[in-house]
Amino acid sequence: MFQFLFYNTLKKEYNWFNPIRLGKVSLYTCGPTVYNYAHIGNLRTYMFEDVLKRGLEFFGYQVCHVLNITDVGHLESNHDFGDDKLVLAAKKEKRKVFEVATYYENKFFEDLRSLNILLPNIKSKATDHINLMIELISALIRAGYAYENSGNVYFRVSTFKRYFDLIGNQFDIDKAFNRIDIDTLKKDNRDFVLWFSNSKYPNQLMKWKSPWGIGFPGWHIECSAMALFYLGRKLDIHCGGIDHIMVHHTNEIAQSESILQHQWANIWMHGDFLTHENNKMAKSMNNFFTLKDLEKEGFKSEHFRFLCISVHYRHRLNFSFQALLGAKSSYEKLLSIAKSLNSNNDKKIDLVKNSFSSNMIKMYLKQLQNAILFDLDTPKMINVLWEVLKSSLCRYEKKRILKLCDKILGLNLFNEQFLTLSQKEKIEKRQNARIEKKWELADELRKELQKERVFLRDTVQGTQWYIN
């Protein structure tokens, strides 16, 4: 098997990827909190994770991908204060909480499909796994890593010596905790909530029975419980955005490894922010765009996907409509080339290769392979791809390489298209009309085909067609 080299946030270095089980990959990615539409900053992270999954599968790995849906317990702040985001949304929209969650969950998956993002093998909703969370919390209490106080349960941070490993700097998190409200039920302000029963949210709309009272889980325990349940005691790769590092993923590690007594995930991968006017895009700041907003401005989902993969996932992407316009131009050019290469005039004579072209093919394939294997370097991959398309390689080989790349990049350049028998007959009839210089008949047949969304392009090599 080919071996990937990933930047591991936990180790702060590049690590060779060695799966726990030969040929199989367990992948957990943090999903949305379904209280609003996903903004394009959120979607950038899911696209990086999609390229990761596509790359692994392309090189022969069998990926079991679990994505969680947070539909309870995610407060306004990651530090256990503020109201539940789902509850606030339900009050604002005057709907039931589960109606809000279901609506935005469906919209989220519509966005994923629109962006050609592969869906997870397992979609795991927090509210379907409350009993798992209660069991995990109970185990943490029994082992001395958590304590109950007046109906709330907290994780005792001081008991987990590697708490700051992912963050890398204790000063950063201490500084963050100094800015938040003090919860008088905590023994240490760094401790975090596993279960709320006695809280300042007496009107919380989502509640479950527990050994500590009627209440609801904290955000962090959800991911630990579901990941351990579906993927087992050892995890190959855990992904998310860099905003998860400071609190959410740090707390996940503390909970999970306290129970397991060994390292949980081998590789932690994080995508950087998508910013707008150099500010982080966030719903709380009301400075975000959705995919629908981009569509209203005349852009397609593919244009945004191309923009995202044109920048390395660990580099910050400053979004602007000017940048998106550039991505649109590049994507449409690439799509036009793909359609040309995919035309019905792809003659078998193109298969004839000499030693020079064979060496070129090997060189380009090696460059493309190295780009994706080295920490998902999609910008490098795209640059090499342009070189391939400008090269002297025959059309067949260009098409073959472009198709291979598209399996990883997910740009949907070769949405396989087929003509009906009637359409084939019309194209042949039009070609004969052109030979006989019956231009009116040729134009009439072209218009008929356009009504059926079959578009023709007359070139010196002959007539090419594609379906829009």
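The values are calculated or read from the model by the stated rules, or taken from the named source; none is laboratory data. In this text, all values refer to a predicted model and were calculated from it rather than measured experimentally. All Cβ positions, even for glycine, are placed from backbone atoms using ideal geometry, and neighbour counts span all protein chains on display.
Whenever a residue of the stretch 264-277 is surrounded by fewer than 23 Cβ atoms within 10 Å (Cβ to Cβ), its partners that are of a type in the set (Lys, Arg), lying with C-beta atoms within less than 7 angstrom and at least six residues away or across chains, give the pairs ASP272/ARG314; ASP272/ARG316; PHE273/LYS280; PHE273/ARG316; THR275/ARG316. Within the stretch 268-288, the residues that satisfy the criterion of being among the hydrophobic types (A, V, I, L, M, F, W, C) and within 16 Å of ARG314 (Cβ to Cβ) are TRP268, MET269, PHE273, LEU274. When ASP443, ASP406 are screened for being part of a helix (DSSP H, G or I), of a type in the set (Asp, Glu) and either in the same structural domain as LYS328 (by TED's automatic domain parsing) or within 34 Å of the chain's Cα centre (by Cα) (or both), only ASP406 passes.
Within the stretch 329-354, can you find the residues that are of a type outside the set (Phe, Trp, Tyr), part of a helix (DSSP H, G or I) and at pLDDT 50 or above? SER329, SER330, GLU332, LYS333, LEU334, LEU335, SER336, ILE337, ALA338, LYS339, SER340, LEU341, listed by residue number. Return the residue satisfying two criteria in turn: it lies in the stretch 19-66 and is in a loop (DSSP other than H, G, I, E, B), in contact with a helix residue (DSSP H, G or I) (Cβ under 9 Å, 6 or more places away or on another chain) and of a type in the set (Gly, Ala, Ser), and of such residues it is nearest to TRP219 (Cα to Cα). Ranking the qualifying residues of the stretch 19-66, first place goes to GLY31. Restricted to the stretch 1-19, and to residues there that are without any contact (Cβ under 8 Å) to a residue 60 or more places away in the chain and not acidic (Asp, Glu), the residue that is nearest to GLN263 (Cα to Cα) is LYS11. Among the residues of the stretch 361-384, the one identified as within 15 Å of LYS333 (Cα to Cα) and in contact (Cβ under 8 Å) with a residue 40 or more places away in the chain is ILE382.
The set of residues in the stretch 228-254 being part of a helix (DSSP H, G or I) and over 15 Å from PRO32 (Cα atoms) consists of LEU228, PHE229, TYR230, LEU231, ILE245, MET246, VAL247, THR250, ASN251, GLU252, ILE253, ALA254. Counting residues in the stretch 79-96 that are under 25 Å from the mean Cα position of the chain (by Cα), at pLDDT 95 or above and within 21 Å of GLY241 (Cβ to Cβ) gives zero.
Contact map, the stretch 314-336: first residue touching a residue at least 60 places away in the same chain (Cβ under 8 Å), second residue surrounded by fewer than 16 Cβ atoms within 10 Å (Cβ to Cβ) and aromatic (Phe, Trp, Tyr), Cβ cut-off under 9 Å, separation 6 or more or different chains; pairs are LEU334/TRP386.
Pairs are defined by a Cβ separation below 6 Å, a sequence spacing of at least 6 or placement on different chains, a first member in the stretch 397-414 that is closer than 21 Å to LEU112 by Cβ, and a second member that is among the β-branched types (Val, Ile, Thr); the pairs so defined are ILE408/ILE372; LEU409/ILE309. The lone criterion from (1) modelled with pLDDT of 95 or more; (2) not in a helix (DSSP H, G or I) left unmet by GLY298 is number (1).
Sort out which residues of the stretch 104-144 are without any contact (Cβ under 8 Å) to a residue 24 or more places away in the chain and farther than 30 Å from GLN261 by Cβ, and write them in order of number. The answer is ASN106, PHE109, GLU110, ARG113, LEU119.
Let's see how each residue does on (1) under 29 Å from LEU52 (Cα atoms); (2) among the basic types (Lys, Arg); (3) at pLDDT below 95:
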residue: LYS187; (1), (2), (3): no, yes, yes
residue: SER199; (1), (2), (3): no, no, yes
residue: ARG233; (1), (2), (3): yes, yes, no
residue: GLY240; (1), (2), (3): yes, no, no
residue: SER256; (1), (2), (3): yes, no, no
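It is to be established whether one or more residues within the stretch 374-385 are modelled with pLDDT under 95, surrounded by 15 or more Cβ atoms within 10 Å (Cβ to Cβ) and outside any loop (DSSP other than H, G, I, E, B). Scanning the stretch 374-385 turns up no residue that is modelled with pLDDT under 95, surrounded by 15 or more Cβ atoms within 10 Å (Cβ to Cβ) and outside any loop (DSSP other than H, G, I, E, B).
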